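Trainee: Mind having a look at this structure? Questions to follow.
The values are calculated or read from the model by the stated rules, or taken from the named source; none is laboratory data. In this text, all values refer to a predicted model and were calculated from it rather than measured experimentally. Please note: Cβ atoms are built from the backbone with ideal geometry, for glycine as well, and neighbour counts cover all protein chains shown.
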């Protein structure tokens, strides 16, 4: 006999009663059919899928990142068109892709040859959208708790652009739209752009975007473009709402929220925001609008520079006019001062002249002095010119008198 807790015995001959594998599997299928009667709603995550007209999915259940359950599911072509249309309408064009959490209405199937699988009959896209919203709320709360959620939004918006880093999917249509607006700025040497490629969808999106943001930060710190960056632009083309779920990533959002210069997003959605839009300094709807923002800002800065030049020139002209007026005023002051000095000197000269004119012989005689003349009528100014007995004429203010010198006693110096 065999069995748990029993001693195994050697089989000495072929058993007379047995079941073929197919019979066993048919029995298993019947048990499953009786145990899971009809269809049930199954919550799972799409691990991978294969499109071969029919859609083959690998579904998993993860708990704390550990896979605890896994099975195959099939969306047959006859139901696929209707269900995918329903999913696209609800999610804005999205499709079932790996990484999405889904709620599927399924029947349990067991085939003797292909084993166990789920047959998908319906899908609830609202669950997928709701799960994405819950995840977004949790990420937002985490960043808020860390104190970084609004950091980049506190930075002042650039008033000019000279050096800009751009993160975009490789060869994306949105990148082409962006460059049609901005290539002229780069060709003219006005703005220098550093283009960094990244994957925006799929499980590799987080690592790829985080690496691109790190490269932009390194370029900013190393001043690769000839100076620090003025902005970091993150763009991609349009897509479904479910595609945006890949951008609700904690590591990428944290890197953008703490980026040292303003972040500008243009992720292709006017109605729906991602976590990256929320933490960015400036959110635009599309890559084209992000490019237009840069072009408008540069043009406004150029116009302001021209206005500043005109203002400086006007101020310079005013300063020159004022300087000339000041010089004329100073010259007038100097001339007036010179005239005053000249007039004063002239007055002094006139006074001296008047004083000099006031010392005529007549006026001197009138003040009690006499003029001594010799016999020839020449003025005698020194005693040494007089001899004893010499006749001298004394001229007074009112007349003359003759005298004879009794003696002379000149003083010798």
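Trainee: Tell me which residues, restricted to the stretch 89-125, are in a helix (DSSP H, G or I) and farther than 20 Å from residue 248 by Cα. Show your work before the answer.
Mentor: Keep residues of the stretch 89-125 that are in a helix (DSSP H, G or I), which gives 89-91, 125.
Correct list: 89 only.
Trainee: Of everything in the stretch 28-39, what is modelled with pLDDT under 80 and surrounded by 11 or more Cβ atoms within 10 Å (Cβ to Cβ)? Give them in sequence order.
Mentor: Once the filter is applied, which keeps residues that are modelled with pLDDT under 80 and surrounded by 11 or more Cβ atoms within 10 Å (Cβ to Cβ), the stretch 28-39 yields 29, 33, 36.
Trainee: Hey, can you tell me all the residues within the stretch 141-154 that are exposed (fewer than 15 other Cβ atoms within 10 Å of the Cβ) and assigned to a loop (DSSP other than H, G, I, E, B)?
Mentor: Within the stretch 141-154, 147, 150 meet the criteria.
Trainee: Does residue 184 satisfy the criteria of being farther than 27 Å from residue 129 by Cβ, free of Cβ contacts under 8 Å to residues at least 12 places away in the same chain and either more than 21 Å from the chain's Cα centre (by Cα) or surrounded by fewer than 21 Cβ atoms within 10 Å (Cβ to Cβ) (or both)?
Mentor: Here the answer is yes, as residue 184 does meet what is asked.
Trainee: Right, next: Just to be sure I understand, how many residues within the stretch 160-182 are touching a strand residue (DSSP E or B) at 6+ places or on another chain (Cβ under 9 Å) and either at pLDDT 90 or above or part of a strand (DSSP E or B) (or both)?
Mentor: Looking only at that region, the number is 14.
Trainee: Let me ask you something else. Restricted to the stretch 208-227, and to residues that are without any contact (Cβ under 8 Å) to a residue 40 or more places away in the chain and under 16 Å from the mean Cα position of the chain (by Cα), which residue is nearest to residue 190 (Cα to Cα)?
Mentor: Per the stated criteria, the residue is 223.
Trainee: Residues being at pLDDT below 80 and either touching a helix residue (DSSP H, G or I) at 6+ places or on another chain (Cβ under 7 Å) or not in a helix (DSSP H, G or I) (or both): count how many of those fall in the stretch 324-370.
Mentor: Going through the stretch 324-370 one residue at a time, the tally reaches 6.
Trainee: Could you identify the single residue in 169, 125 that is surrounded by 15 or more Cβ atoms within 10 Å (Cβ to Cβ) and free of Cβ contacts under 8 Å to residues at least 40 places away in the same chain? Steps first, answer last, please.
Mentor: Working: 169 fails: free of Cβ contacts under 8 Å to residues at least 40 places away in the same chain.
Only one candidate qualifies: 125.
Trainee: Which of the residues spanning the stretch 26-53 are farther than 20 Å from residue 127 by Cα, assigned to a strand (DSSP E or B) and touching a strand residue (DSSP E or B) at 6+ places or on another chain (Cβ under 6 Å)?
Mentor: Pass one, the stretch 26-53, residues farther than 20 Å from residue 127 by Cα: 26-38, 50-53.
Right, trim to assigned to a strand (DSSP E or B) and you get 50-52.
Across the stretch 26-53, the qualifying residue is only 50.
Trainee: Further question on the same structure: Keeping to the stretch 184-211, report how many residues are in contact with a strand residue (DSSP E or B) (Cβ under 9 Å, 6 or more places away or on another chain) and assigned to a helix (DSSP H, G or I). Give the derivation first.
Mentor: Here is the first cut: in the stretch 184-211, the ones in contact with a strand residue (DSSP E or B) (Cβ under 9 Å, 6 or more places away or on another chain) are 185-186, 191-198, 200, 208-209, 211.
Going one step further and asking which of them are assigned to a helix (DSSP H, G or I), we end up with 185-186, 208-209, 211.
Number satisfying all stated conditions: 5.
Trainee: Scan 138, 214, 157 and give me the residue that is out of contact with any strand residue (DSSP E or B) (no Cβ under 9 Å at 6 or more places or on another chain), surrounded by fewer than 16 Cβ atoms within 10 Å (Cβ to Cβ) and either at pLDDT 95 or above or more than 17 Å from residue 253 (Cβ to Cβ) (or both). It would help to see each step written out before you state the result.
Mentor: Values: 138 fails: either at pLDDT 95 or above or more than 17 Å from residue 253 (Cβ to Cβ) (or both); 157 fails: out of contact with any strand residue (DSSP E or B) (no Cβ under 9 Å at 6 or more places or on another chain).
214 is the lone residue from the list that is out of contact with any strand residue (DSSP E or B) (no Cβ under 9 Å at 6 or more places or on another chain), surrounded by fewer than 16 Cβ atoms within 10 Å (Cβ to Cβ) and either at pLDDT 95 or above or more than 17 Å from residue 253 (Cβ to Cβ) (or both).
Trainee: Here's a check for you: in the stretch 56-72, which residue that is under 16 Å from residue 109 (Cα atoms) and under 49 Å from the mean Cα position of the chain (by Cα) is surrounded by the fewest Cβ atoms within 10 Å (Cβ to Cβ)?
Mentor: To start, the set of residues in the stretch 56-72 that are under 16 Å from residue 109 (Cα atoms) comprises 56-59, 70-72.
Among the residues that remain, those that are also under 49 Å from the mean Cα position of the chain (by Cα) are: 56-59, 70.
Details: 56: 14, 57: 23, 58: 16, 59: 23, 70: 12.
Residue satisfying both the conditions and the ranking: 70.
Trainee: Scanning for something surrounded by 16 or more Cβ atoms within 10 Å (Cβ to Cβ), at pLDDT 90 or above and in contact with a helix residue (DSSP H, G or I) (Cβ under 7 Å, 6 or more places away or on another chain), does the stretch 78-97 turn up at least one residue?
Mentor: No, the stretch 78-97 contains no residue that is surrounded by 16 or more Cβ atoms within 10 Å (Cβ to Cβ), at pLDDT 90 or above and in contact with a helix residue (DSSP H, G or I) (Cβ under 7 Å, 6 or more places away or on another chain).
Trainee: Suppose the filter is touching a helix residue (DSSP H, G or I) at 6+ places or on another chain (Cβ under 8 Å), in the same structural domain as residue 106 (by TED's automatic domain parsing) and part of a strand (DSSP E or B); does residue 72 pass it?
Mentor: Details: touching a helix residue (DSSP H, G or I) at 6+ places or on another chain (Cβ under 8 Å): no; in the same structural domain as residue 106 (by TED's automatic domain parsing): yes; part of a strand (DSSP E or B): yes.
No.
Trainee: Can residue 272 be described as surrounded by fewer than 19 Cβ atoms within 10 Å (Cβ to Cβ), outside the structural domain of residue 101 (by TED's automatic domain parsing), at pLDDT below 95 and in contact with a helix residue (DSSP H, G or I) (Cβ under 6 Å, 6 or more places away or on another chain)?
Mentor: Details: surrounded by fewer than 19 Cβ atoms within 10 Å (Cβ to Cβ): yes; outside the structural domain of residue 101 (by TED's automatic domain parsing): yes; at pLDDT below 95: yes; in contact with a helix residue (DSSP H, G or I) (Cβ under 6 Å, 6 or more places away or on another chain): yes.
Here the answer is yes, as residue 272 does meet what is asked.
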